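> Below is one structure. I have some questions about it.
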Amino acid sequence: MPGSVTVAVVGAPDVAKELGKKGTSSDITLFNEVRDGHAATLIEPTQFPEKIAPLLVALGMADRCLLVVKELTRPVAETIAVVELFDLPTTVVLGPAVGDAELARALRTSRLAAAERVPLDLPALRAALDGWSATDRPGPVEVTIDHAFPVKGVGTVALGVVRRGVLHAHDRLRLWPTPNSVEVRSIQVHDVDRKEASCGERVGLALKEVEPGELSRGQILAPPGALRAGPELIGGPLARCPYYRGDAGPGSQLHAAVGLQVVPASVGELSEAGVRVRCDRPVAYALGTPMMLVDLSATAGPRVVGRSILAAGPASA
């Protein structure tokens with residue numbers, strides 16, 4: 001089936017490489033599979049569990065999740081707790097060493113209790129990938145950047161996914177949350193030159209009027225006025241992770257994860273009534289975007305505190 005999809009493969013570090021060809025690698029590793037006009041990008045949070053940010057980024061990039069459970073370890077338990085907070089269609093992949101009853105006990109209070117469960121069968125997983133596509137989101141174009149680097153003879157190149165609308169070569173867009181604008185010089189989709197790219201497609205962009213050092217993960221290419229930007233984030237009621245054991249509250253130093261932006265934040269309010277944090281740098285977002293709060297100082301249990309939906313804040317700056 002033609003189309004594109006980005007899938008977070010979490011819970012086990014050796015499954016994504018069996019489903020695609022290795023591509024860009026940093027604290028996350030991307031694997032690509034293009035077959036019969038359908039493109040799948042698999043994301044592995046390579047440096048998790050040492051760092052929690054790669055798991056948040058992998059899930060933040062994804063249209064769907066494959067939660068692979070080969071054994072019920074502490075990292076898998078933390079993975080389950082984080083996946084629970086993301087509104088992603090999730091398929092639970094069950095390894096042969098974990099029984100249905102054992103998994104059911106681990107997921108009994110989770111939304112994942114009702115998730116599709118399949119055995120760890122690589123040919124079947126490849127066939128499933130071929131039938132998945134990103135949901136089309138019409139509207140002003142948004143491209144979320146996950147990597148950037150210089151290329152000799154080309155200049156600044158950014159990698160990312162079109163999350164909304166259609167991107168055209170020579171579009172001039174704001175580089176959110178900065179006030180700067182850039183021009184899209186050219187577009188490639190899986191190494192093929194294109195004049196445009198649609199929602200869900202992974203792109204490589206040659207950009208004008210920006211240096212690689214000015215780009216960072218989580219920045220968003222979108223028209224002026226399409227998003228909001230600022231260091232203060234105000235959200236609705238906190239959906240607390242039921243397994244978090246820390247004491248985060250007003251005055252705490254946490255990290256806020258919004259899209260692919262994971263930034264230090266000071267807590268002003270943290271309750272069922274609402275959330276207010278001030279980040280150490282501006283964050284780009286749209287109203288209705290989920291914000292995950294993370295406590296890196298937690299010594300037991302998952303490091304994720306909970307989730308709030310961004311519901312207010314400054315007008316686009």
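Coordinate-derived values only; no laboratory data. Here the structure is a predicted model, which is why all the values come from computation and not from measurement. Note that each Cβ is placed from the backbone with ideal geometry, even for glycine, and that neighbours are counted across all protein chains shown.
> Near the amide H of residue 29, under 5 Å away, which other amide H atoms are found, from residues 5 or more places off or on another chain, if H is placed in the peptide plane?
Those lying under 5 Å, H to H, from residue 29 are 44, 46.
> Which is the longest part of the chain that has none of the GluC sites (Glu not before Pro) sitting in a DSSP loop with at most 14 other Cβ atoms within 10 Å?
Of all site-free stretches, the longest is 72-208.
> Let me ask you something else. Going by the alpha-carbon gyration tensor, a ≥ b ≥ c the square roots of its eigenvalues, is the chain rounded (a/c under 1.5) or, if a/c is not under 1.5, prolate (a/b greater than b/c) versus oblate?
The shape class here is oblate.
> Averaging sequence separations of C-alpha pairs under 8 Å and six or more residues apart, then dividing by the length of the stretch 152-196, give the relative contact order as a whole percent.
Relative contact order for the stretch 152-196 comes out at 31 percent.
> Give me the percent of Cα-Cα pairs in the stretch 38-128 that sit more than 18 Å apart, rounded to a whole number.
Result: 44 percent of Cα pairs exceed 18 Å.
> Which distance in Å, rounded to a whole number, links the C-alpha centroids of the stretch 183-200 and the stretch 285-312?
32 Å
> Now for a different question. What is the set of long-range amide H partners of residue 163 at a cut-off below 5 Å, with H atoms built 1.01 Å from backbone N?
Here 142, 143, 144, 200 satisfy the definition.
> Which of 60, 213, 236 ends up with the largest GNM mean-square fluctuation for the chain, with Cα atoms connected below 10 Å?
The residue that fluctuates most here is 213.
> Remind me, relative contact order of the chain in percent, using alpha carbon pairs under 8 angstrom and six or more residues apart?
14 percent
> Something else about it: From the square roots a ≥ b ≥ c of the eigenvalues of the alpha-carbon gyration tensor of the stretch 142-222, which class results: rounded (a/c under 1.5), prolate (a/b over b/c), or oblate?
rounded
> Related question: With both partners inside the chain, how many of the DSSP beta bridges are antiparallel, as a percent to the nearest 5?
Once the DSSP bridges in the chain are tallied, antiparallel ones form about 80 percent.
> Give the share of C-alpha pairs in each 10 angstrom bin for the stretch 183-317, from 0 to the last occupied bin, in whole percents, shortest bins first.
Taking every Cα pair in the stretch 183-317, the percentages come to 12, 36, 27, 18, 7, 0.
> Ordered by packing density, taken as the mean number of other Cβ atoms within 10 Å over each peptide's residues, highest first, how do 85-95, 288-298 rank?
The packing order, highest mean first, is 288-298, 85-95.
> If you add up the charges near residue 257, with Lys and Arg at +1 and Asp and Glu at -1, over every other residue whose beta carbon is less than 13 angstrom from its beta carbon, what do you get?
+3
> Anything over 24 Å Cα to Cα? Flag those among 22/70; 21/208; 21/70; 22/208; 17/195; 152/208, in the order listed.
Violating the 24 Å limit, Cα to Cα: 21/208; 22/208; 17/195.
> Further question: Using a 10 angstrom cutoff on alpha carbons, build the Gaussian network for the chain and name the most mobile of 11, 268, 306.
It is 268.
> Given H placed on each backbone N at 1.01 Å, which residues far from residue 22 in sequence or on other chains put an amide H within less than 5 Å of it?
Excluding prolines and chain starts, which carry no amide H, the hits are 32.
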